[in-house]
Each structure stands twice: as C-alpha cells, then as structure tokens.
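What follows is one structure encoded as structure tokens, with my remarks underneath.
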C-alpha cells in the first residue's frame with residue numbers, strides 16, 4: 001500500500017484546527033462537513049446511485065449526531081432545547097428523504113444547515129470581537 005505523506009500532514013492540520021476551535025467554530029466546521037456530504041448524497045439520489053447515497057447520508061447523520069451531542073440541554077436552556085429539536089428534525093427528514101429518494105427534501109435540509117452555519121459564523125465573529133465574561137454563547141451551549 002502506498003502511503004500519501006500529504007494525507008498525514010492534512011490530517012494533522014485538521015486535528016490541530018479541531019483542537020484549537022471554539023465551540024462556535026466547531027459547529028461551523030461540522031455544518032460545513034454535513035453540507036459537503038449532503039451535496040454528495042443529493043447527487044447520488046439524482047444519479048440513482050443507492051450505494052453512494054447510503055454512504056453520504058450516513059456521514060451526514062453522524063455529523064448531525066455529533067451536533068446533538070455538543071448541545072447541553074441539562075439546564076433546559078431554551079436555545080439549547082430548540083437546537084436539539086432542529087437537529088432531531090434534520091435527522092428525521094434526512095432518513096425520510098433517503099428512503100424516498102427525495103432530493104428536494106435534502107436540499108431543504110442543506111438550506112437550513114446553511115442558515116445555521118451563517119448564524120454560528122456571526123456568533124463566532126461577535127465572540128472574537130468582545131467575548132463576554134461567561135465565555136460566549138457557544139460556551140453556554142456546548143460542552
């Protein structure tokens with residue numbers, strides 16, 4: 001097996017990015033990954049490629065599950081509870097769309113993820129400008 005030295009360096013860089021990311025930046029990265037795989041799932045649905053569709057839907061699902069884990073709902077914070085509900089809805093819609101080969105439903109999820117990603121980008125920007133004493137919105141929601 002031929003090793004790709006660039007891949008190891010890339011993995012190291014990605015790990016460094018993840019480890020140094022704020023909770024907000026981590027959400028942005030997760031949403032970007034989910035969108036990338038969702039785009040591939042949509043293409044697979046349109047091409048009637050069941051194997052690729054399943055692979056990419058599973059990857060999106062794993063990322064949404066990670067987003068769900070990141071939200072702390074122990075204190076019943078309204079924002080955290082609502083985020084959890086959105087993520088659960090995405091999971092349900094994703095699997096319905098996958099079962100029905102419904103690309104438009106997947107595109108709706110993509111659009112909502114894009115809106116969420118843009119919101120987290122704004123939150124991250126504000127946190128960098130003037131971080132509140134509590135550590136920022138993301139620190140309150142994320143573990």
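The table below gives the values:
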read-out	value
All positions within the stretch 38-49 that are touching a residue at least 24 places away in the same chain (Cβ under 8 Å) and either buried (at least 19 other Cβ atoms within 10 Å of the Cβ) or in contact with a strand residue (DSSP E or B) (Cβ under 6 Å, 6 or more places away or on another chain) (or both)	38, 41, 42, 45
Residues located in the stretch 61-80, provided they are closer than 21 Å to residue 114 by Cβ, surrounded by fewer than 17 Cβ atoms within 10 Å (Cβ to Cβ) and touching a helix residue (DSSP H, G or I) at 6+ places or on another chain (Cβ under 7 Å)	66, 68, 79
Looking only at the stretch 5-60, and only at residues there that are outside any helix (DSSP H, G or I) and touching a helix residue (DSSP H, G or I) at 6+ places or on another chain (Cβ under 9 Å), the one that is modelled with the lowest pLDDT	21
Residue within the stretch 100-116 that is in a loop (DSSP other than H, G, I, E, B), touching a residue at least 24 places away in the same chain (Cβ under 8 Å) and surrounded by 15 or more Cβ atoms within 10 Å (Cβ to Cβ) present	yes
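A quick yes/no check of all residues on (1) over 16 Å from residue 71 (Cα atoms); (2) modelled with pLDDT under 95:
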site	(1), (2)
96	yes, no
101	yes, no
106	yes, no
111	yes, no
120	no, yes
125	yes, yes
133	yes, yes
140	no, yes
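The values are calculated or read from the model by the stated rules, or taken from the named source; none is laboratory data. Since the model is a prediction, treat every value here as computed from it, not as a measurement. Here Cβ is always computed from backbone atoms with ideal geometry, including for glycine, and neighbour counts include all displayed protein chains.
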